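Values in this text are rule-based calculations from the coordinates and carry no lab data. In this text the structure is predicted, and so the values were computed from the model without any measurement. Here the Cβ is made from the backbone with ideal geometry for all residues, glycine too, and neighbour counts use every protein chain on show.
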Amino acid sequence: MEPLTEHTGRVLPLRRSDVDTDQIIPSRFCRRLTKTGYADGLFARWREADDFVLNDPARAGGSVLVAGPNFATGSSREHAVWALRDWGIAAVLAPSFGDIFRRNALKNGLLAVQLPDAVVSGLLDAADRDPGFPVTVDLVACEVRWDGGRQAFEVDPRARRLLLDGQDDIAVTLADGDGITAYERGRPHWLPVFGAARAG
Amino acid sequence: MSEPRTLFQKIWDSHRVPSGSDGPDLLYIDAHLVHEATSAQAFDGLRLTGRAVRRPDLTLAVEDHNVPTDSLSISDPISVEQVTRLRSNCAEHGIELFRHGDAQQGIVHVVGPELGAIQPGMTVVCGDSHTSTHGAFGALAFGVGTSDVEHVLATQTLSMPRPRTMAVEFTGALPPDVTAKDLMLALLTEIGANGAHGHVLEYRGAAIRGLSMESRMTLCNLSIEAGARAGMVAPDEVTVEYLATRPRRPTGSDWDDALAYWSGLHTDPGATFDRTVTLGVDALSPVVTWGTNPGQAVPLSQAVPDPAQFSDAAEQAAARRALEYMALEPGTRMRDIEVDTVFLGSCTNGRIEDLRAAAAVLRGRKVAPSVRMLVVPGSMQVRADAEREGLHDVFLAAGAEWRLSGCSMCLGMNADRLSGPSRCASTSNRNYEGRQGDTARTHLVSPAVAAATAVAGRLAAPADLS
Ligand code: SF4
């Protein structure tokens, strides 16, 4: 992956709580075998309503989704991250996230950033007033900045390091391969195995 | 003496891989369960980078999400491709696979435990959020996305910060008509659909000790609906008895070694949790959902709530939206809500005990003419067990459909999908908008309530039937 340090974009306000991953991308889109090409599935049901935020011409090109608490709760489908990214969303700001989604997001360079309730409310209000309202998500300084304000955020240090350096997660883990092998030697002998190993 | 530790801490500590880097812990994974809907891209990733599956012998695959339950041939070409891809990936990497049509096929979270392949103290992951089910065995089990599936395939580990811990203490004795499903819906109502965010839960209390393994699986399964990372129950004689007859349990002296190890897997007296929640269970009664997340639930004896009664503005807005989607008016008695579909199945309530509970209600009764009822066993093994007990005869005589195994109508991905504005009483786990069909409305219920509802044509408990 390319190193990722910060993103600046206009806010797409989604004033809803508990947005589940079935809303972000319905399961029928999850039958595909690719990691890209999911933009058509993003919020497929909600997009049928003309007044849904993604249908607002004044907000076309917005890339920072700001949402209510418990965003992307539910299923583990990484397709939710792929769909947001394919639509052009680079960051999601919310008071809280589904744990699995947040992890999936950072693995794909989608900046899922947890901010205090009041800050999210303020950004939603600002975006309601001004469809062109921009914010910057800075992964180096670990802060979100906007006209007249800034807010620090916390992020999993390993995920941050991988993004800043553009490193491959698996390659970094495999660099510790000796540790894994050493651990495997000490595993209890009765633990289950599957497949051909069972007969042996 | 060492510090007292929680069950979670013991499992976490015993799975930490010594690592040169000073990042978060690297956790070794004992069992990796795989299914067709979240794995293809992970195998592609391995292919692109020329990596192998590190431990095919710790990996088990099942076809469940995207298979039909009325036929052994898949008609939809996209679904055929997804299932075919899982088959070729498993063949290429030497991974054991239970295919649609195999006697051991079923929903991944039903199949693993019934084999006896999920044991106390293990770490278990799967590209599916309801992996939390396996915590019933005193295992640390959680769902992951496809990038993590690839990471586990390649390294058999995951790098993750240590979650916080939360004790859920159930006090008192469970009334006879109250099930694990009701217990969890009551807990979700109490703490909210994100109330356990970032935590690993340990379910504790005498009420838990009295639960079967099937019920403990229902309990842990629904942990994710509270936003928890995982849920677990410490192993005891119920766990050991369940495992003792399973085909993939340890045998001979291995069994004795395993027993000795398992006996230490409990939270030590004096160990502390980051949070504790207590719920009295004496006064509970069957619970059903009225909204579009599993925390929007009330006892069946009550009415659809008025959004104005919720304290915070976000909850009020969510309740209003939910009622609009569900086409329900505040004040409507839950028992007056008519349904046209009843779904008995899923990894939450598709095990033999669930089928028995529903059959006990349906015996000698008929599904209402206005209702279609699907009975989808959680696995082909459950189906065979049920047929041995004659449960299928009860379902068929009542007018329900007796189907093959799969995720079916739980997620509306395969052919079992509602069309139009159907209203369904479902034993599954998610009542999200559009989950069971684009405009389908879902009420989550226990198997006994599902069966009574099928007979009454409206939400009902067994005691309501004459
Ligand atoms: S039954 Fe439903 S919740 Fe369970 S694994 Fe299948 S789709 Fe997921």
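Sequence-distant contacts, meaning Cα pairs under 8 Å at least 6 residues apart, place the relative contact order of segment B:164-280 at 38 percent.
Across peptide A:75-85, how many C-beta atoms of other chains are within 10 Å of each residue C-beta, on average? Please report the intermediate quantities before stating the final value.
Working: counts 13, 17, 9, 11, 5, 1, 3, 3, 0, 0, 0.
Per residue, the average neighbour count from other chains is 6.
Note on residue B:366: aspartates and glutamates with a C-alpha under 20 Å away, same-chain residues under 8 apart excluded, are B:336, B:338, B:340, B:354, B:387, B:389, B:393, B:401, B:464.
Taking all pairs of distinct Cα atoms, average 1/r, flip it, and tell me the Kirkwood hydrodynamic radius of segment B:307-442 in Å to one decimal place.
On the way: mean 1/r = 0.0626 Å⁻¹.
Here the Kirkwood hydrodynamic radius works out to 16.0 Å.
For residue A:169, neighbours were defined as the other residues whose beta-carbon sits under 10 Å from its Cβ, and their charges (Lys and Arg +1, Asp and Glu -1) total -1. Rg and Dmax of chain B, both derived from C-alpha coordinates alone, stand at 21.5, 68 Å.
Extending 7 Å from the Cα toward the beta-carbon at both residue A:1 and residue A:125 defines two label points whose distance is 3.4 nm. Distance between the 7 Å Cα→Cβ label points at residue B:102 and residue B:310: 4.3 nm.
Relative to the longest principal axis of the Cα atoms of chain B, the long axis of helix B:313-326 lies at roughly 60 degrees.
Is it possible to state the helix-based mean residue ellipticity at 222 nm for chain A, with each DSSP H run of 4+ residues giving -39500 (n - 2.57), the sum divided by total residues, to the nearest 500 deg cm²/dmol? What is it? Walk me through the numbers on the way to the answer.
Working: 8 runs with 63 residues, N = 200.
Using -39500 (n - 2.57) per qualifying helix, the result is -8500 deg cm²/dmol.
Between segment B:242-261 and segment B:145-189, what is the separation of their alpha carbon centroids in Å? The two parts, judged by their Cα centres, are 25 Å apart. Is segment B:41-178 best put as rounded, prolate or oblate by its Cα gyration tensor, with a ≥ b ≥ c the root eigenvalues, rounded for a/c under 1.5, and otherwise prolate when a/b is larger than b/c, oblate when not? Oblate is the answer for segment B:41-178, as a/c is 1.5 or above yet b/c matches or exceeds a/b. The DSSP beta bridges internal to segment B:7-159 are antiparallel in roughly 25% of cases.
For A:176-186, what's the mean count of beta carbons from other chains sitting within 10 Å of each residue's beta carbon?
Partner-chain Cβ atoms within 10 Å, mean over residues of A:176-186: 5.
Each Lys or Arg adds one and each Asp or Glu subtracts one; over the other residues with Cβ under 13 Å from the Cβ of residue A:194, this totals 0.
Distance between the modelled labels on residue B:88 and residue B:240, one decimal in nanometres: 4.9 nm (7 Å Cα→Cβ projection).
Based on the Cβ-Cβ distance of residue B:75 and residue B:327, what FRET efficiency does E = 1/(1 + (r/R0)^6) give at R0 = 25 Å, to the nearest 0.05?
Working: r = 32 Å, r/R0 = 1.27.
E(calc), rounded to 0.05, equals 0.20.
Within the same chain, lysines fewer than 8 places from residue A:35 are excluded, and of the rest, those with a Cα less than 22 Å from its Cα are A:107.
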